[in-house]
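The values are calculated or read from the model by the stated rules, or taken from the named source; none is laboratory data. All values derive from a computational prediction rather than experimental measurement. No Cβ is skipped: glycine too gets one built from the backbone with ideal geometry, and neighbour counts run over all protein chains shown. The area values use the complete protein model at the heavy-atom level, side chains included, leaving out ligands, DNA and RNA. Shrake-Rupley method; radii C 1.70, N 1.55, O 1.52, S 1.80 Å.
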Amino acid sequence: MNLKQVLQEATIKLESAKITSARLDAEVILCFVLKKSKEFLYTNPEQRINQENAYKFNTLIEKRATHYPIAYLVKQKSFYNLDFFVNEMVLIPRPKTEQLVEVAAKGIKQLINQSNKQPTIVDIGTGSGCIAITLAKQFPKSKFIATDVSPAPIAIAKKNATKHKVDISFLKGNLYAPLEGRKIDLVIANLPYLDDDMENLLQSSDSKALKFEPELALKGGEDGLDYYRKLLEEISKAEHKPKSILLEIGHKQADPLRQFISTVLPDAQVEIIKDLKQRNRVVKISI
């Protein structure tokens, strides 16, 4: 079979499995198998595919038909125009999280202008490292620390940091514990905030695909805020509190989180930042 025929058959198979991006996914998977660009597919539709590559391609298409995330199949996900290695040990970066990066970038610029020195920024629960690495590319002179509770995500984040040639210190530990005693300027956290009823499911997520992602990186208890409450409690008791905290949240979590902040950090200023669809997305806490 030639490439055109292979893509047509794969697209039909994925469409029958209710994959909304069937043609695009088939192209991405074929490019991955052939180690070629999409331009190659478009300009060489009559080229025949060898038996080995056909088997690899069909195996991945069958897996994708189960709604297995394509990012895990091709071991890559684009975030903020950068490519990140991902596998089943880390959450797949979401487009919505790019707003958290944008808000953080503005905050870092303000910190630099206010103090005329480079700030220390921490990414808690770094996963693939996409947040810390994206910001470190923009602010190479600032000090970045990334933490995670598990060694596997740290290994992946280190791999991505090396790929993108950024200098980040990685610490293993839960929430604020590995940072105790350090002076931090900005804390960024995109912790698990999916509630039990999945009310805070990101719109960019395929709910059928979530079962393939690490549950530890998704669910945050009954209302999705367990990890954020614990983090803020730890920060409230820390010897050195950060100047600012940025949290990505689900669209229904702003009010209960604001109320909790008022109890543990009563003097803090809280700002809720909305996304392009006017849904609550980022909480900014100034201490």
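Structure data summary
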| item | result |
| --- | --- |
| Calculated FRET value between LYS252 and ALA105, using beta carbons and R₀ = 30 Å, to 0.05 | 0.70 |
| Cα-centre dipole for the chain with unit charges at Cβ (Lys and Arg positive, Asp and Glu negative), debye to 20 | 1000 debye |
| Computed lengthening from GLU271 to LEU24, 0.36 nm per intervening residue step minus Cα-Cα distance | 85.1 nm |
| Relative contact order %, the chain, counting alpha carbon pairs below 8 Å whose residues are six or more apart | 14 percent |
| Listed residue pairs exceeding 22 Å between alpha carbons, taken from LYS109/LYS183; LYS77/LYS141; LYS141/LYS165; LYS4/LYS36; LYS163/LYS274; LYS38/LYS277 | LYS77/LYS141; LYS163/LYS274; LYS38/LYS277 |
| Efficiency of FRET from Cβ geometry, SER169 and LYS4, R₀ 45 Å, rounded to 0.05 | 0.35 |
| Label-zone membership for the range 1-24, site ASN44, 7 angstrom Cα→C-beta point, backbone N under 11 Å | 3 |
| Projected area, mean over directions - the range 1-157, Cα convex hull, nm² | 10.9 nm² |
| Max mean-square fluctuation residue, GNM over the chain, Cα-Cα springs under 10 Å, options LEU186, LEU175, LEU34 | LEU34 |
| ARG281 long-range amide H proximity, modeled H, under 5 Å | ILE273, LYS274, ASP275 |
| Total charge dipole magnitude, the range 1-89, about the Cα centre, Cβ charges on Lys, Arg, Asp, Glu only, Debye to nearest 20 | 40 debye |
| Å² of accessible area per residue within the chain, as computed with a 1.4 Å probe and no ligands counted | 51 Å² |
| Area of LYS109 that stays accessible when all protein chains are in place (1.4 Å probe, Å², to 10) | 120 Å² |
| Over the range 26-133, relative contact order from alpha-carbon pairs under 8 Å, at least 6 apart, % | 18 percent |
| Pairwise label distance in nanometres, SER37 with GLU15, each label 7 Å out on the Cα-Cβ vector | 2.8 nm |
| Sequence-distant residues sharing a close amide H with LEU171 (under 5 Å, placed H) | ALA146, THR147, ASP148 |
| Where labels lie 7 Å past Cα in the beta-carbon direction, separation of LYS183 and LEU82 in nm | 2.7 nm |
| For HIS251, solvent-accessible area (1.4 Å; no DNA, RNA or ligand), Å² | 50 Å² |
| Mean projected area in nm² (Cα convex hull; one quarter of hull surface) for the chain | 15.9 nm² |
| Length-normalised contact order of the range 100-160 in % [C-alpha pairs under 8 Å, at least 6 apart] | 35 percent |
| Label point distance in nm, LYS141-THR162, each placed 7 Å from Cα along Cα→Cβ | 2.9 nm |
